[in-house]
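Colleague: Just passing along the structure, written as structure tokens.
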Amino acid sequence: MTARTGWLPRSLDEEVPTAARVYDYLLGGAHNFVADRRLGERFLTALPSARDVARLNRGFLRRAVLTLLGAGIRQFVDLGTGIPTAGSVHEITERAGRGCRVVYVDREPVAVAHSELLLRNDPHAAMLRADLLDPDRVLGHPYTRRLLDFSEPIGLLLVGVLHFAFPQDRPEEVVRRYREALPSGSCLALSHFTADLAPENMRQVVEVMRGSANPVYPRSHAEVSAFFDGFELVEPGVVGTGLWRPEHAEDVRTPGAEQIYAGVGYKP
């Protein structure tokens, strides 16, 4: 975006880059500003495989949603959804020929404004501006209560977002509160940056993202796996996004295939 358009919030500061808009830039989207693109280029210097990392994370989202559809889930909460670049949850479910209900949650102004514009005539999906770290607001919001049936399984999506939560945010407790609210048969799909495999690259990424509204806190395999406490992990467990049920052999060999851990868990 090179000029302000009518649907953008007037209070938006285009000079402060955000992770959602940098991610959009890495995916080849158009909903980002000069400051986001500058930071995106610094991100690419720190992590040259960043575009593949973003693409593989987006691919994991699609495969995870299809897996949940195969398990009979027809309603989703997408926490920290980001800017709706092609391949959002409701688009995935529509292409699969399944009628689903989706609650999107984000606090980034461009993500919220664009999603509201896209979903304004869709009775089966809604965008909720909220912090995912506030489960009471998310789960108790009228949009959530209108769209979701808490007597039926729900797909909870935390894809590429919890690495923006620091220890003082107590993300494990946040995930636990969501899990307790979900009925039996629900599933959690989660992905998260790690420094396990390329610590120097991730150190540089952490430094780069200090200049954004969303600093990053990568976690180890054990720490990411702990988010699935109370869930039964499905095969292949917590692995790199490129290794989670890949559809293309080249994804396994792509640089960055293991830069983000990913997994899906089932609530018994």
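The values are calculated or read from the model by the stated rules, or taken from the named source; none is laboratory data. Keep in mind that what you see is a predicted model, and the values were worked out from it rather than measured. Every residue, glycine among them, receives a Cβ derived from its backbone with ideal geometry; neighbour counts consider all protein chains shown. Note: accessible area is taken over every heavy atom of the protein model, side chains too, but ligands, DNA and RNA are not part of it. Shrake-Rupley method; radii C 1.70, N 1.55, O 1.52, S 1.80 Å.
Colleague: Compute, for Glu91, the solvent-accessible surface of its heavy atoms (probe 1.4 Å) with the complete set of protein chains present, and express it in square angstrom to the nearest 10.
Modeller: Looks like 60 Å² after rounding.
Colleague: Report relative contact order for the stretch 151-214 in percent, whole number only (criteria: Cα-Cα under 8 Å, sequence separation at least 6).
Modeller: That works out to 45 percent.
Colleague: Quick one: Karplus J couplings for the stretch 238-254, per residue in order, coefficients 6.51, -1.76, 1.60, θ = phi - 60°, nearest Hz, x for Gly and Pro?
Modeller: 8, 9, x, 4, x, 9, 8, 6, x, 9, 10, 4, 5, 5, 5, 9, 5
Colleague: Quick one, can you get me the convex hull of the C-alpha atoms of the stretch 16-165 expressed as volume per residue in Å³?
Modeller: Details: hull volume 16.4 nm³, N = 150.
Enclosed volume per residue, from the Cα hull, is 109 Å³.
Colleague: Over the chain, with a Gaussian network built from C-alpha contacts below 10 Å, which listed residue (Thr18, Thr241, Thr67) shows the highest mean-square fluctuation?
Modeller: Thr67
Colleague: If you don't mind, another one. Taking a 1.4 Å probe, which of Glu94, Glu235, Glu173 shows the most accessible area, and what order do the others take after it?
Modeller: Glu235, Glu94, Glu173
Colleague: Rounded to two decimal places and with Rh computed the Kirkwood way over Cα pairs, what is Rg over Rh for the stretch 98-145? Mind dumping the intermediate values first?
Modeller: Working: Rg = 10.7 Å, Rh = 11.1 Å.
Here Rg/Rh amounts to 0.96.
Colleague: A follow-up question, please. Can you give the calculated 222 nm mean residue ellipticity of the chain, where each DSSP H run of n ≥ 4 adds -39,500 (n - 2.57) and the sum is split over every residue, rounded to the nearest 500 deg cm²/dmol? List each step's numbers first, then the result.
Modeller: Details: 11 runs with 105 residues, N = 268.
Result for the chain, helices only: -11500 deg cm²/dmol.
Colleague: Subtracting the Cα-Cα distance from 0.36 nm times the residue separation, let me have the gained length for Leu118 to Ala226 in nm, one decimal.
Modeller: On the way: separation 108, 0.36 × 108 = 38.88 nm, distance 3.51 nm.
That works out to 35.4 nm of additional length.
Colleague: Moving on to the next point. Only bridges with both residues in the stretch 145-268 count here: give the DSSP antiparallel percent, nearest 5. Don't skip to the answer; put the middle values down first.
Modeller: Numbers: 11 of 16 bridges.
The antiparallel proportion sits near 70 percent.
Colleague: What's the FRET efficiency of Arg177 with Val16 using the Cβ-Cβ distance as r and R₀ = 35 Å, to the nearest 0.05? Numbers along the way, then the final one.
Modeller: Values: r = 30 Å, r/R0 = 0.85.
Efficiency, rounded to the nearest 0.05: 0.75.
Colleague: Taking amide H atoms as placed 1.01 Å from N in the peptide plane, list the residues 5 or more away in sequence, or in a different chain, whose amide H sits under 5 Å from that of Gly155.
Modeller: Gln75, Phe76, Val77, Cys187
Colleague: Using a simple spin-label model with points 7 Å from Cα along the Cα→Cβ vector, what separation in nm is obtained for Ala96 and Glu247?
Modeller: Modelled inter-label distance: 1.1 nm.
Colleague: So, one more: Quick check on the chain: of the DSSP beta bridges with both residues there, what percent are antiparallel, nearest 5%?
Modeller: Values: 11 of 29 bridges.
In the chain, approximately 40 percent of DSSP beta bridges are antiparallel ones.
Colleague: Ok, one more. For the stretch 50-152, what is the relative contact order in percent, using Cα pairs closer than 8 Å and at least 6 residues apart in sequence?
Modeller: Working: 126 pairs, mean separation 24.3, N = 103.
Dividing the mean separation by the residue count of the stretch 50-152 yields 24 percent.
Colleague: Calculate the radius of gyration of the Cα atoms of the chain to one decimal place, then report Dmax, the largest Cα-Cα distance, as a whole number, both in Å.
Modeller: Using the Cα atoms of the chain, the pair Rg, Dmax is 17.3, 49 Å.
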